[in-house]
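Chemist: Okay, here's the structure, questions in a sec.
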Amino acid sequence: MTGSTPLSELKGVGPQLFTKLQVLGLKNVSDLVSYLPRKYDDYSKFMPIKELKPGVVTIHANIGPASGKYVRRGLHITEAIATDDTGSIRIVWFNQPYRAASLKKGILYYISGTFELSHQRFAIMNPTIELASEFPINTARIVPIYGETKGITSKQIRGLVAQTLPYISQLSETMPSWAIKKYDLCSYSDALQYLHFPKNNQTLLTARRRLGFEEVFRLVLASLLNKQENDSETSLKIAFSKELAQKFVEHLPFKLTDGQRKVAWEIFLNLEQIHPMNRLVEGDVGSGKTVIATMAALMALNQGYQTALMAPTELLARQHADTIVKLLKPLGLEGAVTLLVGGLSLNQKKIARNAIRNGQAMFLVGTQAVIQEAVDFHKLALVIIDEQHRFGVEQRKSLMAKAGHMPHVLSLTATPIPRSLALTLYGELDISVLSDKPAGRQPIITKLVSPNSRAQMYSSIKEQLNSGRQMFVVCPLISDSDTMSANSAERVYEQMRIKDFSQYKIGLLHGKLKAHEKNAVMESFVYHKIDILVSTTVIEVGVDVPNATVMIVEDAERFGLAQIHQLRGRVGRSSHQGFCYLLTSNSIAPSKRLRALESCQDGFKLAEIDLDMRGPGAIYGSLQHGQLDLRIAKLSDTKLISEARSAAQEFISRGENLLQYKHLATTIHKLRAVTNLN
């Protein structure tokens, strides 16, 4: 058996099961052993029958004759008596008529299930049973539970993994021997065996520590190698002009915060270096990221160098261009800004490309159109990527390649990323945080609302709409689903249009619409041709609509805190008070997690809560960062993170040859491709 052995060659895998396994992404042995359990049931503690107490139990017993019967249509009950040296107990199965014929007399079984009161008698209900052996798979141990799909159970997956144990025991080491010894890690093969079939809780912890350590080690090492490569490149030095910076700031319609000044200065210092800047600026919606980016571009313009700003949507690119033109107009530099987006006519695109090629267009603002082959830069020195995670790896690579050298890169994001996550994911980046709120910006009033209070909430909202304001409504689904009970954008739109808000103009926006349809709907909202925009999270990274003061989030518990915080940042962006209503799907008391949104306006604190309670997926669930390869490691485990980061740094300082570690090299190559730089 090898890693490439098809699962169809394993015992019990016929064509039908093999097809179902592929639905889970499981095609060969390597896929299977890498398919890690999502949780465990602890059936490891044996008890004599006379000492059984309500709850999960495991006994070692004979099973007497079983009888089965249909008690009503669709419900079959099989009953038997299990006996050990201390007594007997009834065991009951529902809708498993095959059980009676499959039981063997005079044979010892392991029996694991829930011991509870049923029809005034105690019994072990729906137990898992297995012939007693030295290596049980489904009972009498800590039992792994896997992600399942229709027609495939965890029991089937456990049986297949058990067949691969000889292969797992022969797996080569994937970490340097010095790191294993220094940080007291178990071997890779032991870790995989313990994770699938732990002997006890301690071996499970040992396995999780080893594999979690390696996950973080790989991510950090990929980042460090990217940083090392970036530092070996040269870029155009962009000198800082104090006079120009002061002139720009004097003409701003607001005063820069201390935080904005600090971040701008960090960028100016980077731009003056011969090595390319690679900086990520994090800041809430409206925290001044565009102003900071324009100040950086101004220094490039001053030296005759070009800047390219790439935004995730055409509408946002247009809005950026309008904002930048206004910021540069007092300096007489508004003519340097050129827009290049898909919606331009062929002739407009041709004129823009010629201006870029000959150096007349000094500040290019656009979408993916910026990196098309027909676009040639004259002297590109600075690349600004707004919401960098929204762009694929190859797109970023292509943009940088057009410069003929490595340009300085400034990435902007409104996603609050906890420091522990940022350091692990973005080790190759310098990180700046804009934490100050814009002057005069009022906190968003956030309220949790149960379904019973919907009518009362609508009444309050209509007061806002009647005074000329606008509203966003965000839903977790586009259409109604058979598998998920939640309000869809299409259903809410129809209900509001026909019933609750029939006197207002309502628009619908979601990911299935074509690009020009999305732009048309969003433009209608921007220019107040519609009052209410019902949408999915496509507006999470959206345009500035200062007149929008109300946000409703339907089925709020289905969203991450960081995501809701970003959504509510779409409203209250003017002198008018903003309101965010979080509608829960039922009338049960909201979770502590959601309650945090009512009192906390700090996106970073909320992201930390999400990270602690729900894991990194809560923050990165909707982002195209690539593979957030943390299935085991917990970023709250600061000791593990610190040790793994130190090991990655030591790997670099030792001058280790990555190619000596085949498995590690393959994984690192993939991870380097999904980090910020490449």
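Chemist: To the nearest 20 debye, what is the magnitude of the charge dipole of segment 317-389 about its Cα centre, counting +1 on the Cβ of each Lys and Arg and -1 on the Cβ of each Asp and Glu?
Modeler: 260 debye
Chemist: Give me P(r) over segment 112-219, computed from all C-alpha to C-alpha distances, binned every 10 Å, as integer percentages.
Modeler: 13, 34, 30, 15, 6, 2, 0
Chemist: Angle, helix 289-302 long axis vs. longest principal axis of the chain, Cα atoms, 0 to 90°, nearest 10?
Modeler: Long axis of 289-302 versus the principal axis of the chain: about 50 degrees.
Chemist: Within segment 57-104, list the trypsin sites (Lys or Arg not before Pro) lying in a DSSP loop whose Cβ has at most 11 other Cβ atoms in a 10 Å radius.
Modeler: R73, K104
Chemist: Which one, F651, G343, I417, is farthest towards the positive end of the dipole of the chain when Lys and Arg carry +1 and Asp and Glu -1 on their Cβ?
Modeler: Of the listed residues, the answer is G343.
Chemist: Okay, moving on. Magnitude of the Cβ-charge dipole of the chain, K/R +1 and D/E -1, about the Cα centre, nearest 20 debye? Display every interim value, and only then the final one.
Modeler: On the way: 80 positive and 62 negative charges, 203 e Å.
Around 980 debye, computed over the chain.
Chemist: Okay, next question. May I ask you to list the aspartates and glutamates whose Cα is less than 16 Å away from that of K181, ignoring any residue fewer than eight positions away on the same chain?
Modeler: Qualifying aspartates and glutamates at Cα under 16 Å: E173, D190, E214, E643, E650.
Chemist: Past 29 Å, Cα to Cα, is the threshold; run K27/K105; K349/K512; K379/K512; K227/K326; K447/K605; K69/K104 against it and keep the listed order.
Modeler: In this structure, K27/K105; K379/K512; K227/K326 exceed 29 Å between Cα atoms.
Chemist: Can you list the residues, at least 5 places off or on another chain, whose amide H is less than 5 Å from the amide H of V56, using H built in the peptide plane?
Modeler: Placed amide hydrogens put F115 under 5 Å from V56.
Chemist: Could you bin all the Cα-Cα distances of segment 254-379 into 5 Å bins starting at 0 and give me the percent of pairs in each, rounded to whole numbers?
Modeler: Calculated P(r), rounded to whole percents: 2, 10, 20, 23, 22, 14, 7, 3, 0.
Chemist: 5 Å is the cut-off here: which amide hydrogens, built 1.01 Å from N in the peptide plane, fall below it relative to L509, excluding neighbours closer than 5 in sequence?
Modeler: V534, S535, T536
Chemist: Okay, moving on. What list of ³J(HN,Hα) couplings, whole Hz, do you get for segment 568-579 from phi and the Karplus terms 6.51, -1.76, 1.60, once you set θ to phi - 60° and write x for glycine and proline?
Modeler: So the J values, rounded to whole Hz, are 5, x, 6, 10, x, 9, 9, 6, 7, 5, x, 10.
Chemist: Quick one: if the Förster radius is 22 Å, what FRET efficiency do E173 and S4 give, using the C-beta to C-beta distance and rounding to 0.05?
Modeler: 0.65
Chemist: Would you list which aspartates and glutamates come within 14 Å of K237, measuring only between C-alpha atoms, while excluding same-chain residues fewer than 8 positions from it?
Modeler: E272
Chemist: Is there a pair in K20/K53; K20/K670; K199/K592; K39/K670 whose C-alpha atoms are over 31 Å apart, and which pairs would that be?
Modeler: Result: K20/K53; K199/K592 exceed 31 Å.
Chemist: Enumerate the calculated ³J(HN,Hα) couplings along segment 638-645 in order (Karplus 6.51 cos²θ - 1.76 cosθ + 1.60, θ = phi - 60°), each rounded to whole Hz, writing x wherever the residue is Gly or Pro.
Modeler: Listing the rounded values in order: 4, 5, 4, 4, 4, 5, 5, 5 Hz.
Chemist: Also, I was wondering about something else. What full-extension length gain, to one decimal in nm, is calculated for K639 and Y40 as 0.36 nm per residue of separation minus the Cα-Cα distance?
Modeler: Extending this stretch completely gives an extra 213.2 nm.
Chemist: Label-point separation (nm) for M125 and E334, each offset 7 Å from Cα along Cα-to-Cβ?
Modeler: Output for this residue pair reads 7.3 nm.
Chemist: Quick check of the Kirkwood formula: for the chain, what is the inverse mean of 1/r over all pairs of different Cα atoms, in Å? Let's see the in-between values first.
Modeler: On the way: mean 1/r = 0.0346 Å⁻¹.
Hydrodynamic radius (Kirkwood, Cα only) of the chain equals 28.9 Å.
Chemist: What are the ³J(HN,Hα) couplings of segment 351-357, residue after residue, when phi is run through the Karplus curve with 6.51, -1.76, 1.60 and θ = phi - 60°? Round to Hz, x for glycine and proline.
Modeler: 4, 5, 5, 5, 5, 5, 5
Chemist: Show the residues, 5+ positions off or on another chain, whose built amide H is closer than 5 Å to the amide H of N278.
Modeler: Correct list: V409, D430.
Rule-based calculations on the coordinates, nothing more; no lab input. The structure displayed is predicted, hence computed values, not measured ones. Ideal geometry is used to build each Cβ from the backbone, glycine not excepted, and the neighbour counts take in all protein chains shown.
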